[in-house]
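Written below as structure tokens is the structure these notes are about.
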Amino acid sequence: SGPKLSFVLDWLEAQKGVRPRTFFATRDAARLIAGVGAAHLYRDDNHGNQDFRDEAEGVPLMPDIGSHTHDRIRYIGGVRFDVSDPLASDVGVEWEQFGRCCWVLPCVELSVGDVNGSACRWIGGAGHAHEGSDNASSCPSTASVANRDADLSQLVHGILSVQIRWLATDSDAWAVERRRALDTLEQIAFAGDASPYLGVLARRSENPSQDLFEAKVREALRAFEDGDLQKVVLARRVLLQLTHSIDAVTLLKHIIGTTPKRHYLFLLEPAHGSAFVSLTPERLCRVHDADIWTEAVAGTWPRTEFEEIGEAALLASSEKHSSEHQLVVDYILDLLGNVSKHIKVCDTHILKLKHLVHIKQSYHAIAKTTASATTTNSTTTLKEDFGHPQQTMQGLEPAGLSEFFCKRMSPTPAVCGLPLATARQFLHQAECFDRGLYAAPCGVITARGSEIIVALRSCLARNGSDLYVYAGAGIVPGSNPSEEFAEISLKMRQFTEAFPEISKGSASAQGIDSLAALPNINSLWASLIVEECVRSGTSNFVICAGSRSTPLVVAVARHPHTQVVVNHDERGAAFYALGWAKATGKPVGIIVTSGTAVANLLPGVVEASQSYVPMLLLTADRPPDLRDTGANQTITQPGIFGANVRWAKDMPCPCAEYPAHALLSDIDLALAYANGLLSEHPGPVHLNLCFRENLAPDGGPVRGSPERTSEWSRHYVDTP
């Protein structure tokens, strides 16, 4: 799934000039769908205007995709958290682009799925796969190979399609919509290697503050004692303001990194400057014809606690989390009984995520069809027990079931509380921000079914640099206010810890003044080398300890956008870097000290060369005048890898006579060779970097030669 997910996101990221943009991925990233432009944008903007609320209640939450619609027609979007709340407040200005509901039929769609035997499917597509497997294939069986390079050989059954929607009774509509589709196609760009995001966090603000949040938790505990509430879910919103604007798809890639952990991935960007991103473990429902799957996810622990004591002990240790889960279970079973039959309840188990674990229980049911309802000469009445108004239901088609789940099953107690009406009233006065699509039903809908998620752990990106991060915690009798605040912080950390604070920024964040402040020219060269590597897409480094490589190690450690693995065995480090580069498709830097440490890299370098894997060898060396003199830890390092590298250069010791722009050009040239842009195939490249003292980031006299100084001319960093 890694290469496929990267390829699809790279393609979507390249479409910077076209809106809307949409993206949906299943939890194992085996089924992906990305959309650009809109053949149809279905949005209801009435919500939030008191004069139109009654009218809006009768407006469908989804576009008309009845049984007559082709299986390949897929809308991506969602409805607001409070869409069925008659007392909901006005839409916040930050959510105006999303309306009461927002669904996009992409004009240009890229979908990718696995093959399961001879059948391929996406949600609602031809061929039916058993729900229990997240690895089931996901697109119709039209085979099209979309290989960008050898690493993408798995990317089969990728389909790029153009969709046009027009009114058949309008004689001019076809020509107009066809022209609009062609205009969108002309704007489609090829996927390229995007530069990493280099912005940092300038400001962070909490809503509410910790003191105010904990006060609201205590207020909820008093409501439990009075018998008014059984549970309520309080949310927080954190505003992250970045120094540089970030593209919405770049944000999604930046947040998930290289190893997404069992999350659905969702992106809805209806217009420039407004995008909603969610990484959620929770499904609201999946509908395929008459089959319904849903699940209850509640209760939260740090993963470290789970790993320490195990599943059985964890479940037994927390009455709070178990009772919270049972409330959700009772609610779901009650509502499922109104529209389905033959409900199967699966065993409870632990859902393990990157930082958290939850209690999860799944359900499978068969929907009551119109025919079966007629045969029994009966109808079903929704109960008011959980705060829903009474409603008589006949059997529903898949599209009707999807809308039922969005309007009547959402919000669940897992994201709102119980009783539902009372919990909503509590949230109206406790939360001073608009949830919008946070914790709301979002996903993909088709004529034969849907896959709808609960958009937890979400972020609304506004104008590129303002990120509103949302997460919540279930409050039940026995909750501890400070622990609930900490739980939400843990849920948010994938967003809040993704950007280094400006005070920790590198030279790239602070400009020429920071470069001029570096204590010696070794530190300057190392900082420039690492910075240029990161800007060119190489931010992963494997470091082997050693004195001579100190300037490079310090530069990598100080840079806010590098990822580092330390390995004390150079041979093992080379193979670790080889695997890392294979997984990411990008060069991995290896930093080693001088001498035989360099020779130990050879087996891994040969393997990388034969496998066409990009690798950047940054080997520290003693000054050239010490070669062939018997100096300690000195061998002839230039040319040591022979024909097994695509390009190599023996660099001079850092000095003002070698221009900074020439140094940066050497880095760019090396990475171009490593990526196969200037060679027949990708592979390893070698930069041998000679360093004199001072190796540590110290100024003043040179170690071992007190008559010399580390001073250097600050005009050097102003070279063109």
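The values are calculated or read from the model by the stated rules, or taken from the named source; none is laboratory data. What you see is a predicted model, and the numbers here were worked out from it, not measured in a lab. Every residue, glycine among them, receives a Cβ derived from its backbone with ideal geometry; neighbour counts consider all protein chains shown. Calculation scope for accessible area: heavy atoms of the full protein, side chains included, ligands and nucleic acids excluded. Shrake-Rupley method; radii C 1.70, N 1.55, O 1.52, S 1.80 Å.
For this structure, a couple of remarks:
- Segment 204-213, residues that are open to solvent by 30 Å² or more (accessible area, probe 1.4 Å) and within 14 Å of Ala473 (Cα to Cα): Gln210
- The one condition in (1) modelled with pLDDT of 55 or more; (2) over 30 Å from Arg457 (Cα atoms) that Gln394 fails to fulfil: (1)
- The set of residues in segment 83-92 that are open to solvent by 10 Å² or more (accessible area, probe 1.4 Å) and touching a Gly at 6+ places or on another chain (Cβ under 9 Å) comprises Ser89, Asp90, Val91, Gly92.
- Residue match in segment 599-617 (condition: in contact with an Asp or Glu (Cβ under 7 Å, 6 or more places away or on another chain) and without any contact (Cβ under 8 Å) to a residue 60 or more places away in the chain): yes
- Only residues that are open to solvent by less than 50 Å² (accessible area, probe 1.4 Å), part of a helix (DSSP H, G or I) and either at pLDDT 75 or above or in contact with a Ser or Thr (Cβ under 7 Å, 6 or more places away or on another chain) (or both) were counted across segment 322-343, and they come to 10.
- Scanning segment 502-542 for residues being of a type in the set (D, E, K, R) and modelled with pLDDT under 80 gives a total of 2.
- Members of segment 163-195 found to be in contact with a helix residue (DSSP H, G or I) (Cβ under 6 Å, 6 or more places away or on another chain) and more than 30 Å from Pro614 (Cα to Cα), listed by number: Ile164, Trp166, Leu167
Okay, residues lined up against (1) touching a Leu at 6+ places or on another chain (Cβ under 9 Å); (2) closer than 24 Å to Ala517 by Cβ; (3) in a loop (DSSP other than H, G, I, E, B):
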position	(1), (2), (3)
Ala670	yes, no, no
Ser679	no, no, yes
Pro682	no, no, yes
Asn694	no, yes, yes
His715	no, yes, no
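- When Ala555, Ala581, Ala526, Ala574 are checked against the criterion of being under 22 Å from the mean Cα position of the chain (by Cα), in a helix (DSSP H, G or I) and small (Gly, Ala, Ser), Ala581 stands alone in meeting it.
- Scan of segment 175-198 for residues that are open to solvent by less than 100 Å² (accessible area, probe 1.4 Å) and among the aromatic types (Phe, Trp, Tyr), ordered by number: Tyr197
- Residues located in segment 602-636, provided they are in a loop (DSSP other than H, G, I, E, B) and modelled with pLDDT of 95 or more: Tyr612, Val613, Pro614
- Pick from segment 649-663, criterion more than 40 Å from the chain's Cα centre (by Cα) and without any contact (Cβ under 8 Å) to a residue 24 or more places away in the chain, ranking: most open to solvent (accessible area, probe 1.4 Å): Glu657
- Among the conditions (1) open to solvent by 40 Å² or more (accessible area, probe 1.4 Å); (2) touching an Asp or Glu at 6+ places or on another chain (Cβ under 8 Å); (3) of a type in the set (D, E, K, R), Lys231 misses just one, which is (1).
- Condition check for Gln163: farther than 30 Å from Ser111 by Cα and either surrounded by 14 or more Cβ atoms within 10 Å (Cβ to Cβ) or of a type in the set (Phe, Trp, Tyr) (or both): no
- Restricted to segment 568-601, and to residues there that are open to solvent by less than 40 Å² (accessible area, probe 1.4 Å) and polar (S, T, N, Q), the residue that is modelled with the lowest pLDDT is Thr584.
- Among residues of segment 281-297, those that are closer than 16 Å to Arg408 by Cα, within 21 Å of the chain's Cα centre (by Cα) and either surrounded by fewer than 23 Cβ atoms within 10 Å (Cβ to Cβ) or among the β-branched types (Val, Ile, Thr) (or both), counted: 1
- Some residue of segment 218-228 being in contact with a helix residue (DSSP H, G or I) (Cβ under 6 Å, 6 or more places away or on another chain), closer than 30 Å to Cys285 by Cβ and open to solvent by less than 40 Å² (accessible area, probe 1.4 Å): no
- Ile590, sole failed condition from (1) under 30 Å from Gly192 (Cβ atoms); (2) touching a residue at least 40 places away in the same chain (Cβ under 8 Å); (3) assigned to a helix (DSSP H, G or I): (3)
- Answer from Ala631, Ala545, Ala557 - the residue that is surrounded by fewer than 21 Cβ atoms within 10 Å (Cβ to Cβ), in contact with a Lys or Arg (Cβ under 8 Å, 6 or more places away or on another chain) and free of Cβ contacts under 8 Å to residues at least 60 places away in the same chain: Ala631
- Residue ID - modelled with the highest pLDDT, chosen from residues in segment 15-36 that are farther than 14 Å from Thr184 by Cβ and surrounded by fewer than 21 Cβ atoms within 10 Å (Cβ to Cβ): Arg27
- Scanning segment 610-628 for residues that are of a type in the set (Ser, Thr, Tyr) and open to solvent by 10 Å² or more (accessible area, probe 1.4 Å) yields a total of 2.
- Answer residue from segment 37-71, given it is in a strand (DSSP E or B) and at pLDDT 90 or above and is surrounded by the most Cβ atoms within 10 Å (Cβ to Cβ) among those: Tyr42
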